[in-house]
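Reading through the structure tokens given below for one structure.
Bear in mind that the values in this text are calculations on the coordinates, not laboratory data. Since the model is a prediction, treat every value here as computed from it, not as a measurement. FYI the Cβ positions are ideal-geometry reconstructions off the backbone, even for glycines, and counts take in every protein chain you see.
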Amino acid sequence: MVKINIKDLNIWFGSNQALKDVNMEIQSHEILSVIGPANSGKTTFLRALNRLNELNINFRMRGLVELDSQDILRINLELLRKRVGTVFALPTPLPLSIFDNVVYGVRMHGLKKDLDGIAKQALEEAYLWDEVKDRMGESAFKLSGGQQQRLCIARTLAVEPEVILFDEPCSGLDPISTAKVEEAMLKLKTKYTIVLVTNNVKQAARVGDRTAFFLSGELVELDKTDKIFTAPSDQRTDDYIRGKFG
Amino acid sequence: MRNTQRAEKIAFFFLFLATLFIIVPVGLILAIIIQKGLPAINWQFLSDIPRQGMRAGGIFPAIVGTVYLVIGAIIFALPIGLMAAIYLSEYAKDNLLNRMIKLAIVNLAGVPSVVYGLFGLALFVIFFKFGASILSGALTLGIMILPIIITSSREALESVPYSFREVSFSLGASKWQTIRHIVLPNAIPGILTGTILGLGRAAGETAPILFTVAAFYLPQLPHSLFDQAMALPYHLYVISTQVPNVDEKIRYGTALVLLVMVLFMNLVAIVIRYQFRKKKKW
């Protein structure tokens, strides 16, 4: 089933075109890895899916992004971002306690539910519960970098999104923390649709069902991860994966 | 090589000397005022009304008047200044109108305080018919400290990392929710510091209250917002220049009380900032 449908997406920041005629369908419950060198447009692509690009005042866009066949520009902005959550490259805890971080989004959406239960479930799904269950009142900044990143994942999960966008979530993490985050992602795809932007080609190969390769704002190739990494149909994809540039 | 070292030593000497000079006036002012004013300070001086044509008695009405003016100024200036600062730093787009507003604030800060006094006289005392009253004086002082409050509040708001806002938006929080729950709580210490520094300035100014509120001699406490009141800076001016044969220690005692009030407010600001730095989490 198609979760997100992208048609002729063009994005500019000022006079600089960041995405060129991107067409793509993202399936429900898949992990789509997005790879490409710096400035290839992969983060812009990701942020287009829940309109985070609009925080940049020079942003312009042409084209269509649909979530469940509905134009995302017609969905209430706050609701869209609740349905399509983001985990950023660097751990970004809010200056609140661990507990308040996890339930921040839930509170903002005015859902007066069982906050303790939501926090526990989200932290369990992010493989962090056992490490923080006795220190929920402490500042989130007391956690290690890897724990902070899993906290951010839990915080995104707590608002019960449908799609989770990961923007190079392991770029600042050590290998063990990275493995934990990847483990969480693999588990999460049964419930959520995941788009993973990564600089780490091996990570894309490990967790992605399908992999998209971006270069200079264009989608060069999108195929099953096995195919991309064994027999890509475009020479540029092959070059990038073999580390010939980028 | 030797030349470089000598130049280094000379540069250090002069730079250090210049820095040292900053301490000298502050120290001297404090020393002289404390030395000459301290003998005047006693309970009667702080709690009694002026007597014998201000040549004896205390300065209680002037202290109360200054406190009222400062409180009035903050009640007026803090909400307006803070809301303007939030608009400018969080909502305002970079267009001609907003650039003009920002320029106006900078210029407002540069207006001489006596001009505020005249402005207050024309607008509040005469046009709005508030008369010479605490209300007129507090509003005039409030307008005078608005730029200080706006500028320091904007700095405090903008020092909250952008990533916090981005995270909050990404979780589906609205702009106002983000400001209310993330930006403001982390900016409050900076806002308070700026406000208190502004108040210290308001407490010490003479010119803005000269035409709008200050009574030459009023040996009673004000009863309402529309009463005139004595105020410390103006009282000091009066007993120093307008009334002959005032004992020196009364003049310096008044100056000392005013100085201590202002320094105390600055101290509060410093303590708040220090406490916050200690607790700062990012």
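When only DSSP loop residues count, what chymotrypsin sites (Phe, Trp or Tyr not before Pro) in the range B:173-227 have their Cβ near at most 16 other Cβ atoms within 10 Å?
The qualifying sites are B:F216, B:Y217, B:F226.
Give me the log10 of I(q) over I(0) for the range B:123-282 at q = 0.17 Å⁻¹, as the Debye formula computes it from C-alpha points; what are the numbers?
Evaluating at q = 0.17 Å⁻¹ gives log10 I(q)/I(0) of -1.02.
Using DSSP to call loops (not H, G, I, E or B), can you name the chymotrypsin sites (Phe, Trp or Tyr not before Pro) in the range A:147-246 whose Cβ has at most 12 other Cβ atoms within 10 angstrom?
In loop regions of the range A:147-246 (DSSP not H, G, I, E or B), the sparsely surrounded chymotrypsin sites (Phe, Trp or Tyr not before Pro) are A:F245.
Given the options A:V197, A:V132, A:V102, state which has the largest fluctuation in a GNM of chain A using a 10 Å cut-off (strictly under) for Cα springs.
Evaluated over chain A, the most mobile residue of the options is A:V132.
Counting only C-alpha contacts under 8 Å and six or more residues apart, can you give the relative contact order of the range B:1-135 as a whole percent?
Computed over the range B:1-135, the figure is 12 percent.
May I ask you to list the trypsin sites (Lys or Arg not before Pro) in the range B:211-282 that are in a DSSP loop and have at most 11 other Cβ atoms within 10 Å of their Cβ?
B:K280
Take B:N98 and B:V67, extend 7 Å from each Cα along the Cα→Cβ direction, and tell me the distance between the two endpoints in nm.
Result for the modelled spin labels: 4.2 nm.
Quick one: which residues, 5+ away or cross-chain, put their amide H under 5 Å from the amide H of B:A56? H built at 1.01 Å from N.
B:R51
Full-extension gain between A:N200 and A:Q17, please, as 0.36 nm times their residue separation minus the C-alpha to C-alpha distance.
63.4 nm
Please report the antiparallel percentage of the DSSP beta bridges confined to the range A:2-241, to the nearest 5.
Rounded to the nearest five, the antiparallel share is 60 percent.
What is the diffusion coefficient of the protein assembly as shown in µm²/s, taking the Kirkwood radius over Cα pairs and the Stokes-Einstein relation at 10 °C with a viscosity of 1.306 mPa s? All intermediate terms of the calculation are to be shown ahead of the outcome.
Details: Rh = 27.8 Å.
My calculation gives 57 µm²/s for D.
For chain A, compute Rg over Rh where Rg is the Cα radius of gyration and Rh is the Kirkwood radius from the inverse mean 1/r over Cα pairs.
Result for chain A is an Rg/Rh of 0.97.
Provide the percentage of antiparallel DSSP beta bridges, counting only those with both residues in the protein assembly as shown; round to the nearest 5.
On the way: 27 of 45 bridges.
If we restrict to bridges inside the protein assembly as shown, about 60 percent are antiparallel.
Quick one: length gained pulling B:K36 to B:D48 fully straight, 0.36 nm per residue minus the C-alpha distance?
Values: separation 12, 0.36 × 12 = 4.32 nm, distance 2.01 nm.
Difference between extended and current length: 2.3 nm.
With a cut-off of 8 Å between alpha carbons and a minimum separation of six or more residues, what is the relative contact order of chain A in percent?
Rounded, it is 28 percent for chain A.
Does the range B:1-129 classify as rounded, prolate or oblate by the C-alpha gyration tensor (a ≥ b ≥ c root eigenvalues; a/c under 1.5 gives rounded; else a/b over b/c gives prolate, otherwise oblate)?
The shape class here is oblate.
Work out the charge dipole of the protein assembly as shown with +1 on the Cβ of Lys and Arg and -1 on the Cβ of Asp and Glu about the Cα centre, then indicate which of A:I98, A:V201, A:I164 is farthest towards its positive end.
A:I98
Given A:G146, B:F13, A:V220, which one lies farthest toward the positive end of the charge dipole of the protein assembly as shown, if we put +1 on the Cβ of every Lys and Arg and -1 on the Cβ of every Asp and Glu?
Most positive-ward Cα: B:F13.
How many nm is it between the label spots at B:F264 and B:A122, if each spot is 7 Å from the Cα in line with the beta carbon?
Here the answer is 3.7 nm between the modelled labels.
How far apart, in nanometres, would the label points at A:D226 and B:K278 be if each is projected 7 angstrom from Cα along the Cα-to-Cβ direction?
Going by the 7 Å Cα→Cβ label model, 6.2 nm.
When only C-alpha pairs under 8 Å and at least 6 residues apart count, what is the relative contact order of the range B:64-175, in percent?
On the way: 87 pairs, mean separation 49.1, N = 112.
So the answer I get is 44 percent.
Under 14 Å from a label point 7 Å along Cα→Cβ of B:V26: give me every residue in the range B:102-129 with its amide N that close.
Taking a point 7 Å out along Cα→Cβ of B:V26, no residue of the range B:102-129 has its backbone N under 14 Å.
Applying 1/(1 + (r/R0)^6) with R0 = 30 Å to the Cβ-Cβ distance of B:H223 and B:R55, what FRET efficiency is obtained, to the nearest 0.05?
Step by step, r from the Cβ atoms, then E = 0.70.
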